[in-house]
Amino acid sequence: MTIGSDDDYRKGDRFVMYRKITLAAACCMVLAGAGGLVQAKTAKIPAIHWKGTINFYAQSLTPVGPGIKQVSGERPLHALYDLSVQFNHLYPNVHIHFVNPAYNSSNQAVIANAAAGTLKDMMWNQYENYDFVFPQGIAYNLMPYFRQPNPYIPGNKHWIGVMNPSIVKETLAPGGQAYVVDGDWLAVNFFYNKTLFKKAGITTTPKTWAQLLQDCKRLKAHGITPGADRPSYDWWSRVFLGNYLGVPTLKKISSFSKSPGISEFDNAIAYYKGIINPQKNPRIMAWWPAMRQLYHYWNPNTTALPVNGSVPAGAPTGESLFAAGKVAMVFQGSWTPNAVKYTKGHAKFAVGSFPVPSLTGTSKYATKYNSSGDAGGPQAAFQFAISTPQADHAMNAGKFQAALDFLRFISTPQHDQMIVNEMGNMMPTFKGTTPIKAFRPLQTAMTKPWYQEDGGQYMTAEEYATIRSIFAEYVGGHISLKAAASQYSKAVATGFHQFVLAHHVNLAKY
Amino acid sequence: MWLPAGLIVLAFISLYPIIYAVINSLKTEPQSTVNPFWFTNWPLQWSNFLIAFETIWHAFFTSAIITSVSVVGIIALASLSGYAFARIPFPAKNVLFMIIFGLLLVPGFLTLIPLFIEIKDFGLLDHDLGLILPYIAGGQAFAIFVFRSFFSGLPDEIFESAVMDGASDLTLYGRIVMPLSIPIMVTIAIINVVGIWGDYVLPSLVMNATGHRTLAVAIVSFEAPKFAPSLNVYNIELAAYLLASIPLLFLFSFLMKYFIQGMTSGSIKM
Amino acid sequence: MQPRGLTAALPETSARTVTHRRLVSGPNSSRRWVIGYLFILPTLVFVGVFSYYPAVKAMQGAFSNWNGFNPPVFVGLGNFVQMFQDPVFIASLWHVLIWTVVGIPLSLIPPFLVAEMIFHLGKARSQYVFRTMFIVPMVLPGFVGLLIWLFIYQPTGLLNQFLGAVGLGFLRHQWLADPHTALGALIGMGFPWIGAFQLLVLYAGLQAIPMEILDAAAVDGVGTWSRIRAIDIPMIRGQWKLLFILAIVSVPQNLIAPLILTDGGPGTATVTPVFYMYQTAIGYGLYGYGMAIAFLLFLVMMLLAIVNMKYIQSQPD
């Protein structure tokens, strides 16, 4: 499987031509058909009177450009830089400056910068952080602008109309604020080492959970470690809970608030009604033993790592062992093939992939619903917010308009696809976008209504960390299911209690 | 014979992190994954050091200035205060001492936000002084505590003749205490040099300009958070840490000489 | 040896240091106190502006509901009440107690033994070489050492391989992932526990013992161990006192190990108050609560330090 190269918008001759074009005069660009500009010309473009430079921390999507060199071994990105040049041609007074990706964007640094009023104007961060961890008020609520037309999309009535509704809902803060524009999807899949599978005599990828365990056993018998990684509650909970609850129940949970998808608000109500309360619904933890069976085959050094926080660079991880050809498979994000490809000195093998096999037989609660696409999600590289004047003293109304317009400019279906596909690790999510070839089979996950049911683990940041930790302790064999169940129930109950208090949820309505 | 043998074993264990860093700085990440403890795969990745050097060399100068000015400031101010607390009677001495000592009990990350706002309000962002001034303040409590303890241990008779000749406190401090305190000053300097040279969090906030950053910030830039492949950074990072440690090695061997001179020249007695 | 043992050893001091300990020798001037204030003035200015001002600002958060950004909402002692109903915090107190009681001797005794070993090497040259060798590891940042301990403790790591090889396979554990062993594993990390600062200070102390005392002991035929007990340990009482008090304030502040190797887990098995402070403030955005924990810890450690200084000072010299 090769990911990325065949879909590079700047590949080969096209790439060279494109470079020349962006450097040429604006009128020539229109003739050459640089997409965004043509569209922009046909739509009515707002005027920007503000002059100055917008600082943009784009994290993984930071393009190479003046002052920013390519990090060793990685593929240089250009899309955002090219778009910033186009934008500058439209508005010669507005410059976009990309912040060096080494910028410290840890939670501690973001909060300290916000408190001092020194946040960057446009920032990448995980929407969960904006919604649940960072202080409210450090980023603009973009929801009012989502409802307005995006002038850079011809004929657009509401910007939100080109976004994936399930994702918009998932990323909303409990008060309904949208702090980020979220434009990409991280698919999660099994990636496997074709050479090692062959060595163990496995010719077809597993279609059922029982086959998956069978293959693990086989690999182990051949002296091959079947898999490696830290136990991932986040991803597995979505796979299993979605399947065990089944579509009618998921629809019901989703319906507590108006829009599609499942938000933490829906989860709070679902908990209140007992649907995802582990003490009232045996389905909620019925899948944990299946996970323990699987992780039993995983490299114990990786499953023993702490699941919250980061481990020191150099510690054994699923990716590093996989790239070294030491384990047969990982259940990982869609960046994995590229991670192997761009790792210096990686083992020579072909990477294959297969979705989560059928869960039938994992427990009596398994349903027919194919939830393999529910793992993964919009927690990826295209999540951009605009900082408020309170958190960024360089921000003001005029600058906000300019930053918003640049955000609108890059958040069109066409540009979303261009930016996300160039990196080749994720899927673009705006309506009408097409992912790179390798991800096309996974695209169905996003086009159907999407139910990311994780048991309400995000109701508070504390609960989130606690649940992940309990899960890891259980699958690592350190505590019994009974002990895990009691701790888990307590954690969700506390999270629910605090969520209701913090967001003034009127339970009587439900 | 058992004495040197035992020491060699202990020294080897203590030095092992450096040996480990050397081994792994010459590998690719998959090579490290296979066996982090010894050379297993060839060829050695000397290019790691090249890449590391390119990225961090300009930060050497920034770090060298910040570290040296800060450490000189810490030692100068703290030794004066340590002398006063140890040998000059003045009102409220113990209370003032405990107030300074109490700073040892305040974890740095809790004061980070107010301190950062303060540095910004002084207009010192992206300026060396934005780090130097807080570092001098931050080093005081520990250094004063150690200095006071050592200065009060100096025997009185070494002061007596000078006092009878009418020497002032400044003279006593400069002519008698300082020369006798070289070992402890070296010790405190080493501790502070290491701490400031490797500090990451405050510099990562204060020094945001790409062309003007400290070593630790430059080194961590290899680790820039990425959804893109990022498996190549760890070994380069180790190479960078080793390069960054070379000036410290020279400094230590230089300081160690003074440490011995101080030992043998004076009569430090507790 | 327990920390108590160390402090108890301090009062037995030689006659020589006794006569001068209480005296302050210096110029006689009625205005001398002014000089004293002038000497500490620069320190007070720096510390006041860059240490105390931010610390006091931060500590105000202890009495408020604060997320680090929006204006704090005053809640009085609410955070403190909550703290003592918080099982994680209570557990963290036990952990730090164990860590301190075990960790302080670990931070003092091995450096002392090594200092003695180096001190007893014949040649000045080899003393220099060994001293340098124990200090040099400081040039690398701590995470490299932590990573090596991760490789030692991991399920197929060196420790378990060693236990298997010597026939103690039944003792094998997932040291950091098992709630029963994680705290012990963190405390035991850093073998052979030879801190460079402690080593330098103790070594300097040994160097300063007057030659005539050591010579007299040698003439009387005092053996190595008796000499260490009767002369070396009491003669460097100043150094013990200094290092002991520094250990009291630094051991409970050890944040990096649980932060990087266990993240306070598994469960809450390695949560210490300082780690919990970090977790609540940075991880959960509850700055006010984190500050309250800091405030309480500050008071307790300050009290401990004062008691120790008083106790040691009040001994008859």
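The values are calculated or read from the model by the stated rules, or taken from the named source; none is laboratory data. Everything numeric in this text was worked out from a predicted model, so none of it was measured. Here the Cβ positions follow ideal geometry from the backbone for every residue, glycine too, while neighbour counts run over all protein chains shown.
When region B:145-170 is filtered for residues that are in a helix (DSSP H, G or I), of a type in the set (A, V, I, L, M) and facing another protein chain (nearest Cβ under 7 Å), the ones remaining, listed by number, are B:V146, B:V163.
Apart from one condition, A:T367 fits all of (1) more than 7 Å from chain B (Cβ to nearest Cβ); (2) without any contact (Cβ under 8 Å) to a residue 24 or more places away in the chain; (3) not aromatic (F, W, Y); the exception is (2).
Among the residues of region A:458-484, those that are in contact (Cβ under 8 Å) with a residue 12 or more places away in the chain and either surrounded by fewer than 19 Cβ atoms within 10 Å (Cβ to Cβ) or away from every other protein chain (no Cβ under 14 Å) (or both) comprise A:G477, A:L481. Residue-level analysis places B:L249 among those that are at the interface with another protein chain (Cβ under 7 Å from one of its Cβ atoms), modelled with pLDDT of 75 or more and within 18 Å of the chain's Cα centre (by Cα). Is it the case that B:F61 is among the aromatic types (F, W, Y) and either at pLDDT 95 or above or surrounded by 17 or more Cβ atoms within 10 Å (Cβ to Cβ) (or both)? The answer is no for B:F61. Just checking, does region A:463-475 include any residue being small (G, A, S) and not in a helix (DSSP H, G or I)? Taking every residue of region A:463-475 in turn, none turns out to be small (G, A, S) and not in a helix (DSSP H, G or I).
Condition test on A:K273, is it without any contact (Cβ under 8 Å) to a residue 40 or more places away in the chain and closer than 25 Å to A:N506 by Cα? Judged against the criteria, A:K273 is not a match. Note on region A:177-195: residues that are farther than 23 Å from A:L442 by Cα and in contact with a Ser or Thr (Cβ under 9 Å, 6 or more places away or on another chain) amount to 3. Scanning region A:33-75 for residues that are at pLDDT 60 or above, more than 10 Å from chain B (Cβ to nearest Cβ) and touching a Phe, Trp or Tyr at 6+ places or on another chain (Cβ under 6 Å) gives A:I48, A:F56, A:Y57, A:A58, A:P63, A:G65. Among helices (runs of 4 or more DSSP H) entirely within region C:199-278, having at least 1 residues that are in contact with a Leu (Cβ under 9 Å, 6 or more places away or on another chain) singles out C:224-227, C:237-250, C:273-278. The residues listed here are A:S363, A:S371, A:S387, A:S353; of these, the one that is in contact with a helix residue (DSSP H, G or I) (Cβ under 9 Å, 6 or more places away or on another chain) and not assigned by TED's automatic domain parsing to the domain that holds A:L212 is A:S387. Among the residues making up region A:76-96, a single one is surrounded by fewer than 19 Cβ atoms within 10 Å (Cβ to Cβ) and within 13 Å of another protein chain (Cβ to nearest Cβ): A:P76.
Within region A:390-419, being among the aliphatic types (A, V, I, L, M) and farther than 14 Å from A:L61 by Cβ holds for A:A391, A:A394, A:M395, A:A397, A:A402, A:A403, A:L404.
Yes or no, residue by residue, for (1) surrounded by 14 or more Cβ atoms within 10 Å (Cβ to Cβ); (2) at pLDDT 85 or above; (3) not hydrophobic (A, V, I, L, M, F, W, C):
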{"position": "C:G188", "(1), (2), (3)": "yes, yes, yes"}
{"position": "C:G195", "(1), (2), (3)": "yes, yes, yes"}
{"position": "C:Q198", "(1), (2), (3)": "yes, yes, yes"}
{"position": "C:L202", "(1), (2), (3)": "yes, yes, no"}
{"position": "C:L206", "(1), (2), (3)": "yes, yes, no"}
{"position": "C:M211", "(1), (2), (3)": "no, no, no"}
{"position": "C:R227", "(1), (2), (3)": "yes, yes, yes"}
{"position": "C:I233", "(1), (2), (3)": "yes, yes, no"}
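Count of region A:313-333 residues, restricted to those that are facing chain B (nearest Cβ under 9 Å) and in contact with a Ser or Thr (Cβ under 8 Å, 6 or more places away or on another chain), is 10. Condition test on C:Y284, is it facing another protein chain (nearest Cβ under 10 Å), touching a residue at least 40 places away in the same chain (Cβ under 8 Å) and in contact with a helix residue (DSSP H, G or I) (Cβ under 6 Å, 6 or more places away or on another chain)? When the stated conditions are applied, C:Y284 does not pass them. Once region A:133-148 is narrowed to residues that are modelled with pLDDT under 95 and of a type outside the set (A, V, I, L, M, F, W, C), the residue that is surrounded by the fewest Cβ atoms within 10 Å (Cβ to Cβ) is A:G137. Within region C:160-171, can one find any residue that is closer than 30 Å to C:M133 by Cβ, within 12 Å of chain A (Cβ to nearest Cβ), outside any helix (DSSP H, G or I) and more than 20 Å from the chain's Cα centre (by Cα)? Within region C:160-171, none of the residues are closer than 30 Å to C:M133 by Cβ, within 12 Å of chain A (Cβ to nearest Cβ), outside any helix (DSSP H, G or I) and more than 20 Å from the chain's Cα centre (by Cα).
Tell me, yes or no, whether region C:240-250 has at least one residue that is within 11 Å of chain B (Cβ to nearest Cβ), in contact (Cβ under 8 Å) with a residue 24 or more places away in the chain and of a type in the set (D, E, K, R). Scanning region C:240-250 turns up at least one residue that is within 11 Å of chain B (Cβ to nearest Cβ), in contact (Cβ under 8 Å) with a residue 24 or more places away in the chain and of a type in the set (D, E, K, R).
Does B:P225 meet the test of being of a type outside the set (F, W, Y), at pLDDT 90 or above and within 30 Å of A:A112 (Cβ to Cβ)? No; evaluated as a whole, the condition is false for this residue.
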